[in-house]
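The values are calculated or read from the model by the stated rules, or taken from the named source; none is laboratory data. For clarity, every value in this text was computed on a predicted model and none was experimentally measured. Backbone-built Cβ (ideal geometry, glycine too); neighbour counts: all protein chains shown.
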Amino acid sequence: MDQPCKWLGLVKVHGKGMWRRMCSCFKEYEFGLLPAYASGTEAGVWSLESGMCPPDAPLLDHLGTKEISSMTLLSGWAEYYNLRGIPMSSPVAALLSFPLSLYHIVTALNVATKTRLAKGKDITVHYLGPEGELDWVPAFSELAYLLGSSGSLHIVMIGPEVPLALSGVSTSVNTKLKLTFVKGLYQDESSSLPPPHVVVALNAGLETYSTWPGALEVIKSLNIPSFFTDYSEPCCGNAKQVLRASGLHISYPVTPNPFRSPVKIQSLSNNIPSFSNGFVLGVNT
């Protein structure tokens, strides 16, 4: 977004809860180390009125009486908001874009992980380059409810922005979701991590960071399905060039992500609208 503080102010969450990481006002704090929320409750985490954020409770059927036990397959934001009883005016999609983009990858785009989960098996995700996500762990807890009685997710977040205080720490939401944090570059840490079933990098910026070629070499050697999101089609075009230069074949073409952030980002260099997690592409699929 062009003016994040302005947008956050308009939706009345500026300087509150998890939203603090969506602008630069708290940049003095390392990722993952924002001060504790004013309240440990659901309202304190989201800083929204009751009914405007997903409840910390299992999903219910359309009558609102019976818990949904099967893994939930989602087509986009409208279906998710309806399922959770959230009005479309709620801004939560701007944060939930990260966990739900990951969920879309493992339950819709990658057949192997979808099948494992449906059979009640565990899957491990190597999640590369986390930043704000390190402060949005409560938003990722929604994945545990979406999984229902299917398999479980172990998300290993690896990147240089993981603070030393978090590196090596694991946290479990319940039996369905575990997150582990590892500081360092993927090419340096991958051999000591549990083997992945899928690799994910959101808002990857493959052409922006000089450390990507080393990580892509690991992805090539693992030959594991790997998915990347980026802000716009031109960004994805650049990403394709980087992937091909690393000897990787684009096996999942650039496609609009149904769980992109709805908040538009206007590029300074052109008039092409961009969105956080706007498009997705994949290799080794």
Within the range 228-285, residues being β-branched (Val, Ile, Thr), surrounded by 15 or more Cβ atoms within 10 Å (Cβ to Cβ) and free of Cβ contacts under 8 Å to residues at least 40 places away in the same chain number 3
Spot the failing condition for residue 108; the list is (1) under 24 Å from residue 256 (Cβ atoms); (2) in contact with a strand residue (DSSP E or B) (Cβ under 9 Å, 6 or more places away or on another chain), and only one is missed. (2)
Please give the number of the condition residue 57 fails out of (1) in contact (Cβ under 8 Å) with a residue 12 or more places away in the chain; (2) part of a loop (DSSP other than H, G, I, E, B); (3) in contact with a Phe, Trp or Tyr (Cβ under 6 Å, 6 or more places away or on another chain); (4) not aromatic (Phe, Trp, Tyr). (3)
Mind listing whichever residues of the range 133-162 are small (Gly, Ala, Ser) and farther than 23 Å from residue 187 by Cβ? 139, 141, 144, 148, 149, 150, 151, 152
Just checking, how many residues over the range 100-140 are without any contact (Cβ under 8 Å) to a residue 40 or more places away in the chain and hydroxyl-bearing (Ser, Thr, Tyr)? 2
Only residues that are at pLDDT below 95 and either part of a helix (DSSP H, G or I) or of a type outside the set (Ser, Thr, Tyr) (or both): list them for the range 206-235, please. 207, 233, 234, 235
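Here are some residues: 24, 47, 39. Which one is under 30 Å from residue 169 (Cα atoms), modelled with pLDDT under 95 and in contact with a helix residue (DSSP H, G or I) (Cβ under 7 Å, 6 or more places away or on another chain)?
Details: 24 fails: in contact with a helix residue (DSSP H, G or I) (Cβ under 7 Å, 6 or more places away or on another chain); 39 fails: in contact with a helix residue (DSSP H, G or I) (Cβ under 7 Å, 6 or more places away or on another chain).
Within the list 24, 47, 39, the selection yields 47.
Quick one: would you say residue 57 is surrounded by fewer than 18 Cβ atoms within 10 Å (Cβ to Cβ), within 19 Å of the chain's Cα centre (by Cα) and within 23 Å of residue 154 (Cα to Cα)? Walk me through how you get there before you give the answer.
On the way: surrounded by fewer than 18 Cβ atoms within 10 Å (Cβ to Cβ): yes; within 19 Å of the chain's Cα centre (by Cα): no; within 23 Å of residue 154 (Cα to Cα): yes.
No: the conditions fail for residue 57.
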Do we find that residue 179 is touching a residue at least 40 places away in the same chain (Cβ under 8 Å), closer than 18 Å to residue 242 by Cβ and among the aliphatic types (A, V, I, L, M) in this structure? no
Counting only strands (runs of 3 or more DSSP E) wholly inside the range 93-204, the ones holding at least 3 residues that are modelled with pLDDT under 95 and either in contact with a Ser or Thr (Cβ under 9 Å, 6 or more places away or on another chain) or at negative phi (or both) are 170-174
When the residues of the range 205-227 are narrowed to those that are under 21 Å from residue 102 (Cβ atoms) and in contact with a Ser or Thr (Cβ under 7 Å, 6 or more places away or on another chain), which ends up surrounded by the most Cβ atoms within 10 Å (Cβ to Cβ)? 219
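Looking only at the range 236-277, count how many residues are in a strand (DSSP E or B) and either of a type in the set (A, V, I, L, M) or under 25 Å from residue 107 (Cβ atoms) (or both). Break it down into steps so the answer makes sense when it comes.
Going residue by residue through the range 236-277, those that are in a strand (DSSP E or B) are 250-256, 264-266, 273-275.
Checking the rest, the ones that are also either of a type in the set (A, V, I, L, M) or under 25 Å from residue 107 (Cβ atoms) (or both) come to 250-256, 265, 275.
Final tally of qualifying residues: 9.
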Failed item in (1) within 23 Å of residue 18 (Cβ to Cβ); (2) at pLDDT 90 or above; (3) more than 20 Å from the chain's Cα centre (by Cα); (4) of a type outside the set (A, V, I, L, M, F, W, C), with residue 81 passing the rest: (3)
